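Reviewing the structure listed below.
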Amino acid sequence: MKILLVGANGKMGREMSSYLEKKEICYFKIDKENRDDAKKFDYDIVLDFSTSACLYENLELAKKKRCPIVIATTNHTKNNYELIQKYSKIIPIFMSANFSILFTMLKSMLDKIKNQPNLQTVVCETHHQHKKDKPSGSAKQIIKILNSKNIVPTVYALRVGEVVGEHKISFYMPDEELEIVHTAFSKRVFCNGAYMACKFISSKQNGVYDMEDLF
């Protein structure tokens, strides 16, 4: 498997480069400064760690090779989601706002939550001060699941220091409380999940896939 890593000079791109090199996986690096170099490389999967603004160009990189793409960016527009649906009829697409295995398990836990009288819910997510989207794509996934249960949480999004990522969901009822917390201590958890996604989608048919499809 030969990976074209897009957004290689960003924080996650550099982390992913280090991960792939340690595993001795064949990959090629491009960023906005050398995007044209992509045509020189013989890749068979695109791994996108750039930005949501580059989605169309990255989908085109995959389309030209008729190869899968793993989208690891967040903060997408309605138009972006429409593009993903359109291209998924031509190529396999794997997309997730969070590539952590345990975060995927957390979402499965939330699926079991049921709304109750007097239930109050708070979602608090914390990331490093450089993160642009607020709330995060992961927090939006949590909110979407809760909304499907007719639960409308109070949401706090904190941007402090160099926190990798923490998501805390608290449920309050009279005389009791339930708290579910996921903490990422290193960006390696996202690299591992992204590589698992690459291996998974390399043999899949056209369509849209996510982390739940891995398990």
(message) What pairs come out if I take residues in segment 192-215 that are in a strand (DSSP E or B) and pair them with residues that are open to solvent by 70 Å² or more (accessible area, probe 1.4 Å) and of a type in the set (Lys, Arg) whose C-beta lies under 9 Å away, six or more apart or interchain?
(response) Gly207/Lys89
(message) Would you confirm, using the coordinates I've provided, whether Leu146 is in a strand (DSSP E or B) and modelled with pLDDT of 95 or more?
(response) no
(request) Take segment 104-162 and flag every residue that is of a type in the set (A, V, I, L, M) and within 25 Å of Tyr209 (Cβ to Cβ). (result) Met105, Leu106, Met109, Leu110, Ile113, Ala139, Ile142, Ile143, Ile145, Leu146
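Is it the case that some residue within segment 149-168 is touching a strand residue (DSSP E or B) at 6+ places or on another chain (Cβ under 7 Å), of a type outside the set (Phe, Trp, Tyr) and in a helix (DSSP H, G or I)?
No; the residues of segment 149-168 include none that is touching a strand residue (DSSP E or B) at 6+ places or on another chain (Cβ under 7 Å), of a type outside the set (Phe, Trp, Tyr) and in a helix (DSSP H, G or I).
In this structure, does Lys132 turn out to be surrounded by fewer than 18 Cβ atoms within 10 Å (Cβ to Cβ), over 18 Å from His76 (Cα atoms) and charged (D, E, K, R)?
Taking the combined requirement at face value, the residue does not satisfy it.
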(message) Exactly one of these conditions fails for Ser203: (1) surrounded by 15 or more Cβ atoms within 10 Å (Cβ to Cβ); (2) at pLDDT below 95. Give me its number.
(response) (1)
(request) Sort out which residues of segment 96-112 are open to solvent by 30 Å² or more (accessible area, probe 1.4 Å) and not polar (S, T, N, Q), and write them in order of number. (result) Ala97, Ile101, Leu102, Met105, Met109, Asp111, Lys112
(request) Report, by residue number, each residue of segment 51-73 that is touching a helix residue (DSSP H, G or I) at 6+ places or on another chain (Cβ under 8 Å) and open to solvent by less than 30 Å² (accessible area, probe 1.4 Å). (result) Ser52, Leu55, Leu59, Leu61, Ala62, Pro68, Ile69, Val70, Ile71, Ala72, Thr73
(message) Checking Gln141 against (1) in contact with a strand residue (DSSP E or B) (Cβ under 7 Å, 6 or more places away or on another chain); (2) in a helix (DSSP H, G or I): exactly one of these is not met. Which one?
(response) (1)
(request) Would you tally the residues in segment 141-154 being surrounded by fewer than 17 Cβ atoms within 10 Å (Cβ to Cβ) and in contact (Cβ under 8 Å) with a residue 24 or more places away in the chain? (result) 4
(request) Tell me which residues, restricted to segment 65-82, are touching a residue at least 12 places away in the same chain (Cβ under 8 Å) and more than 17 Å from the chain's Cα centre (by Cα). (result) Lys65, Arg66, Cys67
(message) Only one of Met173, Met196 is open to solvent by less than 70 Å² (accessible area, probe 1.4 Å) and more than 18 Å from the chain's Cα centre (by Cα). Can you tell me which?
(response) Met173
(request) Sort out which residues of segment 19-37 are open to solvent by less than 80 Å² (accessible area, probe 1.4 Å), free of Cβ contacts under 8 Å to residues at least 40 places away in the same chain and within 27 Å of Lys131 (Cα to Cα), and write them in order of number. (result) Tyr27, Phe28, Ile30, Asp31, Asn34, Arg35
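The values are calculated or read from the model by the stated rules, or taken from the named source; none is laboratory data. These numbers were taken from a predicted model, which means no experiment stands behind them. Neighbour counts run over all protein chains shown; Cβ positions are idealised from the backbone, glycine included. Heads up: the accessible areas ignore ligands, DNA and RNA and are worked out on the full protein's heavy atoms, side chains in. Shrake-Rupley method; radii C 1.70, N 1.55, O 1.52, S 1.80 Å.
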